[in-house]
Amino acid sequence: MATSDTDLLGKPLTEQERALMSVYEELKKLAAQDDLPPCAARNVRRALMSMWQATNDLNLQFEQLYEFGV
């Protein structure tokens with residue numbers, strides 16, 4: 001997903017929203033790695049699930065994470 005300066009409604013992102021999206025994108029990168037230790041892989045997916053909920057509720061992204069096992 002390309003990083004945008006606006007949310008899904010076209011409103012400019014705040015600094016906190018940009019930080020949330022940065023964490024969300026980094027967790028997606030980690031979740032895509034297939035060589036993480038099992039405990040790390042599970043916890044990354046749990047964290048990604050939580051960040052998905054936060055960023056989705058704030059209208060920062062709209063996507064499904066099935067490919068990451070979330």
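Each value in this text was obtained by applying a stated rule to the coordinates, not by laboratory testing. What you see is a predicted model; the values in this text were computed from it and never measured. We place every Cβ from the backbone using ideal geometry, glycine too, and count neighbours over all the protein chains shown.
Overview of values
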item	result
With Cα atoms, 0 to 90° folded angle of helix 38-57 axis to the chain main axis	20
The chain: angle of helix 15-31 to the longest principal axis, Cα-based, in degrees nearest 10	30
Förster radius 35 Å - calculated FRET efficiency between D34 and T6, Cβ distance, rounded to 0.05	0.60
Residue order, fewest to most surrounding Cβ atoms within 10 angstrom, among L13, L60	L13, L60
Label assignment, semi-axes √(5λ) of the Cα gyration tensor in Å derived from the structure, set [x] 20, 13, 10; [y] 21, 19, 10; [z] 24, 11, 10	[z]
Residues S22, S4 arranged by fewest to most Cβ contacts within 10 Å	S22, S4
Separation in nanometres of the label points that stand 7 Å from Cα toward Cβ, at A19 and N56	2.4
